[in-house]
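Written out below as structure tokens is the structure these notes cover.
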Amino acid sequence: MKLDEVGIWSEIKLEIIKKYASAYTTILSKEAWCRGYVYIDAFAGAGLHISKTRGEVIPGSPLNALDINPPFTEYHFIDLDKDKASVFESIAKENPRVCAYQGDCNEILVNKIFPKLNFATYKRALCILDPYKINIEWETIKKAADLKTIDMFLNFSIMDVNRNILVEDLLLAKQEDIDRMNTFWGDESWKELLYIRQKNLFGKIQQIKIDTFEKLALGFEERLKKVAGFKYVPEPILMRNTKNGPLYYLYFASQEGVANRIVNDIFDKYRMEL
């Protein structure tokens, strides 16, 4: 299987998730009321990557999670790719705590995993939504928030949005890309943040961009709090490539103040290095 090559920004992201996951299991393992703490990776990949900077094979977030002590009580690994999903199917045969799924993560999360994490179960979960593009549905995010049992790391691919959607005249963007953005955002209100409708010299209606992706990122942060219903959403980290081009924002969302404090400390540390 060909492994994905990842840049230093992805290695930093992996470190951030690993640090939080370690604190997460340490805290919850000491809580008498807690009946389980669950790790969910919706884009698990092959479990391994190749570091562009070092040329070495490095563990991805699923293998990092499996290495954390105290361990999670359950692991759920999802990937759309059949070959990548088979990696975790093999692990599941040897480890009864692991469940592997092949398919659309939105469907699997909402129909198979989230229903087992309602508040009455006394379980808590850490969910990683880390796609290369904006392949997450807003309804999936909202379901996670409604449960009030899930902490979430979310990758908002600004590179995908800048390249395919945020053109100077929105009417020139492909409808399929606009539809993807609407599905990710949950409605069309993102257009109001960045575009105005006006006529050009020939009387033709245009939707002209008047702001940048930074305003979109701020709007999404507010949306996670006010529309999805997460109580805490710290300022996200913007990951850039070696040419300083924006790649994605890494968001965190939770209902717990202690989780917010831990992630703010971790984010602040790495923000200084980026």
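Here are the numbers for this structure:
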| item | result |
| --- | --- |
| Filter result for the condition that a residue is open to solvent by 80 Å² or more (accessible area, probe 1.4 Å), farther than 30 Å from K148 by Cα and modelled with pLDDT under 95, over I205, I196, I210 | I210 |
| Some residue of the stretch 231-238 being out of contact with any helix residue (DSSP H, G or I) (no Cβ under 7 Å at 6 or more places or on another chain), more than 19 Å from W138 (Cβ to Cβ) and either of a type in the set (A, V, I, L, M, F, W, C) or without any contact (Cβ under 8 Å) to a residue 12 or more places away in the chain (or both) | yes |
| Only listed residue being under 30 Å from A120 (Cβ atoms) and small (G, A, S), chosen from A217, A144, A173 | A144 |
| Unique residue being part of a helix (DSSP H, G or I) and either basic (K, R) or modelled with pLDDT of 95 or more (or both) when the list is N111, N155 | N111 |
| Which listed residue is open to solvent by 30 Å² or more (accessible area, probe 1.4 Å) and in a helix (DSSP H, G or I), from N182, N162 | N162 |
| Residue satisfying condition, being in contact with a Leu (Cβ under 6 Å, 6 or more places away or on another chain) and in contact (Cβ under 8 Å) with a residue 12 or more places away in the chain, within set I68, I50, I78, I58 | I50 |
| Hits in the stretch 242-264 - residues which are open to solvent by 30 Å² or more (accessible area, probe 1.4 Å) and part of a helix (DSSP H, G or I) | V258, R261, I262, N264 |
| Test: residue in the stretch 223-234 that is at pLDDT 95 or above and in a strand (DSSP E or B) | yes |
| Test: residue in the stretch 126-142 that is modelled with pLDDT of 95 or more, more than 13 Å from the chain's Cα centre (by Cα) and open to solvent by less than 40 Å² (accessible area, probe 1.4 Å) | no |
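The values are calculated or read from the model by the stated rules, or taken from the named source; none is laboratory data. Note that the coordinates shown come from a computational prediction; the quantities given were computed from them, not determined experimentally. Please note: Cβ atoms are built from the backbone with ideal geometry, for glycine as well, and neighbour counts cover all protein chains shown. Heavy atoms of the whole protein, side chains included, go into the accessibility calculation; ligands, DNA and RNA do not. Shrake-Rupley method; radii C 1.70, N 1.55, O 1.52, S 1.80 Å.
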